[in-house]
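Input: a single structure, listed below in structure tokens.
Only the coordinates and a few stated rules stand behind these numbers; no lab work does. Please read all numbers here as calculations on a predicted model, not as lab measurements. Cβ placement follows ideal geometry from the backbone for every residue including glycine, while neighbour counts extend to all protein chains displayed.
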Amino acid sequence: MKDGVYYSEYLQLDKILNAQTLESDKPGREHAHDEMLFIVIHQSYELWFKQVMYEVGSVMEIFSKSKISDNSPDLYMVHHRLKRVVNIMHMLVSKIDIIETMTPLDFLDFRDLLRPASGFQSIQFKLLEAALGLKMENRHGKEYYISQLKPEDAQIIRDAEKTKPLIALINEWLERMPFFDDTAYWKDTNVSSFWEKYKEIYSASLADGEKNNLAVFEKQLLSEGSDPDWSLSPKARRAALFIMLYRDYPLLQLPFGLINVLLEIDEAISIWRYRHMSMVHRIIGMRTGTGGSTGKDYLSGALAKHHIFSEFAGLTSFLIERNKLPQLSQELRSKLGFGE
Ligand code: HEM
């Protein structure tokens with residue numbers, strides 16, 4: 001055998017493969033076969049949460065810069081890594097099929113030995129939600145959400161919530177988009193007349209039952225003041241809508257991809273929540289969770305409420321058809337294109 005790195009040492013398999021201690025194997029208890037699956041599944045989820053946090057952390061670091069240059073790999077990296085997060089989340093959804101091979105009776109063999117432990121106490125999952133931008137006041141159950149944690153772990157979550165989350169960093173990045181403030185790009189017209197014209201076209205596109213959308217459009221996009229409940233300011237929303245509308249221009253393709261991947265993350269987490277909730281219903285019915293919550297009802301509330309990037313999805317209500325888009329100035333078109 002050659003010298004150098006040795007597989008099992010490099011991966012520290014001695015630690016990982018010796019970390020499955022079944023509660024049901026403790027003295028005086030009856031071995032429960034499926035407890036091994038239960039432990040391995042949870043451990044593998046935690047490993048993947050670690051990878052997801054690693055990717056999200058690196059993306060947040062890039063967005064924390066005061067400027068992201070179009071001539072750097074930054075935006076590509078952000079998109080690439082978040083796409084990886086989406087793929088991991090899809091894989092985590094599919095692993096629920098494996099848990100579901102454990103029947104309710106199999107679970108009952110060891111369920112009571114686990115109290116009060118629960119995935120509800122997953123620090124990494126709560127840290128991920130906080131890093132993306134879920135705030136305590138918007139959490140289903142509010143403070144209850146951290147009540148099942150040890151005080152030092154609850155503090156870790158509170159501290160994480162004080163750090164600027166990804167959605168706030170993206171809001172700032174959108175607010176910095178140069179194409180509205182720089183008068184160099186709007187010589188034959190100006191930005192406010194662009195939005196006035198857009199409003200007219202949008203208003204004409206609304207069906208009778210949608211007329212109220214115009215007031216929402218004005219409040220969310222054209223007003224200057226931001227609502228404390230909003231994650232995206234009107235300025236950032238204008239930039240995001242502009243990116244969605246003119247995404248065929250080369251310079252806007254990656255920013256558009258980024259907005260899309262954020263929506264994919266929200267969707268993938270929601271699908272995971274839904275599959276987890278249905279699995280829970282199937283395995284424990286309407287009984288309370290080992291973490292002490294109402295079980296399925298708690299999970300259903302979290303599923304309905306815990307969306308982080310939904311304000312981007314909301315912007316699609318303000319789109320107009322491509323062939324009605326206001327024509328951009330020559331300067332702006334050449335800035336967004338390849339300079340012809
Ligand atoms: C037999 C399998 C499982 C059952 C019966 C189950 C049950 C539950 C229940 C009832 C809750 C609500 C809190 C409580 O009262 O405990 C919960 C929360 C949670 N579980 Fe599971 N779970 C299972 C598997 C998993 C797995 C494999 C993971 C992966 C890490 C996981 C992660 C979570 C997370 C992150 C929460 C918090 C969700 C939120 O607050 O929105 N669970 N689980």
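Just a few scattered comments:
- Arranged from fewest to most other beta-carbon atoms within 10 Å of their beta carbon, 3, 227 become 3, 227.
- Cα gyration tensor category, rounded, prolate or oblate, for the range 1-76 with a/c compared to 1.5: oblate
- Loop-located trypsin sites (Lys or Arg not before Pro) in the range 55-98 (DSSP state other than H, G, I, E, B) with a sparse environment of at most 13 neighbouring Cβ atoms within 10 Å: 65, 67.
- Net lengthening on full extension, residue 39/residue 279 (0.36 nm per residue, minus Cα-Cα): 84.8 nm
- Legend: helices of the chain (whole DSSP H runs) are marked when their alpha-carbon atoms reach 24 angstrom or more along the helix axis and their mean Kyte-Doolittle hydropathy is at least 0.0; marked are 35-63, 74-94, 250-284.
- Whole-percent pair-distance distribution, where bins are 20 Å wide, for the alpha carbons of the chain: 25, 48, 22, 4, 0
- Point-charge dipole on Cβ atoms (K/R +1, D/E -1) for the range 13-336, about Cα centre, debye to 20: 300
- Cβ-Cβ FRET estimate between residue 30 and residue 287, R0 fixed at 25 Å, reported to 0.05: 0.75
- Loop-located GluC sites (Glu not before Pro) in the range 1-54 (DSSP state other than H, G, I, E, B) with a sparse environment of at most 15 neighbouring Cβ atoms within 10 Å: 30.
- The simple Förster model, with R0 at 41 Å and r as the Cβ-Cβ distance, assigns residue 67 and residue 155 a FRET efficiency of 0.75.
- Using 0.36 nm per residue and subtracting the Cα-Cα separation, the extra length available between residue 183 and residue 223 on full extension is 12.4 nm.
- Note on residue 210 and residue 248: with the Förster distance fixed at 22 Å, the Cβ-Cβ geometry gives a FRET efficiency of about 0.30.
- Cross-link pairs 135/296; 67/164; 135/219; 83/187; 26/126; 197/219 - those with Cα-Cα distance over 26 Å: 83/187; 26/126
- Three-way shape call for the range 224-276 based on the alpha-carbon gyration tensor, with the a/c threshold at 1.5: oblate
- Across the range 13-336, the relative contact order, built from alpha-carbon pairs under 8 Å that are at least six residues apart, equals 24 percent.
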